[in-house]
Each structure stands twice: as structure tokens, then as C-alpha cells.
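Following: one structure in C-alpha cells, then a few remarks.
The values are calculated or read from the model by the stated rules, or taken from the named source; none is laboratory data. Remember, it's a predicted structure, so these values are computed and weren't measured experimentally. Every residue, glycine as well, gets a Cβ built from its backbone with ideal geometry; the counts of neighbours run over all protein chains shown.
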Amino acid sequence: MPIWSFIRHGESQANAQGWFAGRVDTPLTPRGEQQAVAARPHLHSVAIDRVMASDLERARRTAELLLESSSLSIELVTPHLRERFCGDWEHREIAAIEATGDMKIFRSWAGRPPGGESLRDVAARVLPFLAGVEDQRDTLVVAHGALIRTIVGLLDNTAPEEIGAWRPANCEFVTRDVPLGRFGQLLATLP
């Protein structure tokens with residue numbers, strides 16, 4: 001059964017400064033670069049035949065640093081793996097959204113920031129891509145928190161309203177066995 005590993009990018013400037021990045025192409029901080037280098041030993045703990053990364057700099061650079069001393073290379077850099085679009089909340093301080101009580105919208109399955117994507121929208125955008133590229137190879141995906149929480153939550157059969165409660169840490173590895181056809185099944189039964 002193919003193994004799919006997901007890793008969230010290292011700390012970005014947006015993470016360090018406490019604002020929503022979404023599709024804003026914010027770079028890694030020096031700490032984020034160190035996190036990517038420190039995550040290298042995880043490459044030896046799981047099978048990996050190919051690597052895919054979001055085209056946003058923070059994920060792409062994390063993948064480059066992670067793979068720097070390995071025999072692996074990035075096979076595909078794609079906008080299909082981009083972070084959740086935060087619409088009008090991009091560049092807004094997270095603390096300001098929390099102060100209004102609107103974070104419950106952001107964490108809910110179907111709630112959208114004004115002009116942005118819900119977690120359900122992320123699933124509907126990403127699952128067709130994953131279904132189209134899945135094969136027998138063990139795959140590492142270097143991407144973003146909302147994308148990882150959504151896909152892993154669905155793989156784990158987490159109740160949709162609970163998916164937004166978990167947030168992977170910067171450079172956290174998450175690995176799942178994924179039977180062929182599972183991404184298509186998830187898309188067909190998307191709540």
C-alpha cells in the first residue's frame with residue numbers, strides 16, 4: 001500500500017509575525033530554515049519515492065532544504081498544493097480575528113473568510129489533483145497547515161467539524177498508508 005507523508009513548511013515570516021498568509025508568498029524565517037534542516041532525519045524513517053511541493057516559497061524552500069543532503073529531488077512543484085486562500089483576511093493579524101470571535105468560522109468545515117476558501121473548499125480543490133497523481137509510489141508532500149489538516153482529517157475519518165481543531169506544527173511529519181483510489185473515494189463522498 002502506498003505511503004503518503006505530509007510535512008508542513010518551516011516557520012514563515014507570517015507565522016512569526018502572527019498574520020494570515022494564505023496565498024501570500026511569504027518566505028521562511030531563519031528559524032524556519034533551521035526547522036527544515038532539523039527535519040531531515042525523518043526522511044530515513046519513511047519510504048519516499050517522489051516529492052511534491054507547493055509552489056509557494058515557504059513550502060518549496062522547505063522541500064529544498066529538507067532534501068539538500070539526500071538522493072531525493074523535488075519531482076513536482078505545483079499550485080495545486082497551495083495553502084487555503086484566506087481572502088480578505090490575508091495580511092490580517094490572527095489575534096485581531098480571534099478577538100472578534102470569527103476564528104470559529106476559520107476552524108469550521110464550511111466556514112469561509114470573506115472572499116476565501118473553507119476547509120471543504122480546500123478538499124474539493126486538492127483531492128482531484130491527488131487522485132490524478134496517485135500511484136504505487138510512496139510520496140512526500142511539502143505543503144501547508146490547512147491543506148494537511150484537511151487531507152489527513154479526511155483520511156483518518158475525522159468528523160468534518162473536528163478537522164479544523166488540529167494544526168500541524170511547522171515541519172511536522174504526518175504519514176498515512178493510503179490505498180490506491182482512496183483520494184477519489186474521499187472526493188466522491190465529500191461532506
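Would you please name the residue that is farthest from Gly145 (Cα to Cα), looking only at residues in segment 42-56 that are surrounded by fewer than 16 Cβ atoms within 10 Å (Cβ to Cβ) and either of a type in the set (Val, Ile, Thr) or within 18 Å of the chain's Cα centre (by Cα) (or both)? In this case the residue turns out to be Val46. Selection over segment 138-187 of residues that are over 22 Å from Phe20 (Cα atoms) and among the charged types (D, E, K, R) gives a count of 5. Applying the criterion of being of a type in the set (Lys, Arg) and out of contact with any Gly (no Cβ under 6 Å at 6 or more places or on another chain) to the residues of segment 151-191, the residue that is surrounded by the most Cβ atoms within 10 Å (Cβ to Cβ) is Arg182.
The number of residues in segment 67-97 that are within 16 Å of the chain's Cα centre (by Cα) and in a helix (DSSP H, G or I) comes to 3. For segment 1-15, the candidate set comprises residues that are buried (at least 17 other Cβ atoms within 10 Å of the Cβ), in contact with a Gly (Cβ under 9 Å, 6 or more places away or on another chain) and not acidic (Asp, Glu); within that set, the residue that is farthest from Arg176 (Cα to Cα) is Ala14.
Residue pairs whose Cβ atoms lie under 8 Å apart, sitting 6 or more positions apart in sequence or on different chains, and linking a residue in segment 159-174 that is touching a residue at least 24 places away in the same chain (Cβ under 8 Å) and under 15 Å from Ala63 (Cβ atoms) to a partner that is of a type in the set (D, E, K, R) and assigned to a strand (DSSP E or B), are Asn170/Arg8; Cys171/Arg8; Glu172/Arg8. Does segment 69-76 include one or more residues that are within 20 Å of Asp25 (Cβ to Cβ) and of a type in the set (Gly, Ala, Ser)? The answer is no; no qualifying residue exists.
Every residue, every condition in (1) over 20 Å from Leu119 (Cβ atoms); (2) part of a loop (DSSP other than H, G, I, E, B); (3) free of Cβ contacts under 8 Å to residues at least 40 places away in the same chain, yes or no:
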| residue | (1), (2), (3) |
| --- | --- |
| Ser5 | yes, no, no |
| Gly22 | no, yes, no |
| Asp25 | yes, yes, yes |
| Val37 | yes, no, yes |
| Ala47 | yes, yes, no |
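The number of residues in segment 16-37 that are under 14 Å from the mean Cα position of the chain (by Cα), buried (at least 20 other Cβ atoms within 10 Å of the Cβ) and not hydrophobic (A, V, I, L, M, F, W, C) comes to 1. Only one of the numbered conditions (1) within 19 Å of Ile148 (Cβ to Cβ); (2) outside any loop (DSSP other than H, G, I, E, B) is not met by Glu33, and that is (1). Segment 98-173 holds helices (runs of 4 or more DSSP H) entirely within its bounds, and those carrying 2 or more residues that are more than 30 Å from Gln34 (Cβ to Cβ) and modelled with pLDDT of 95 or more map to 119-133, 160-163.
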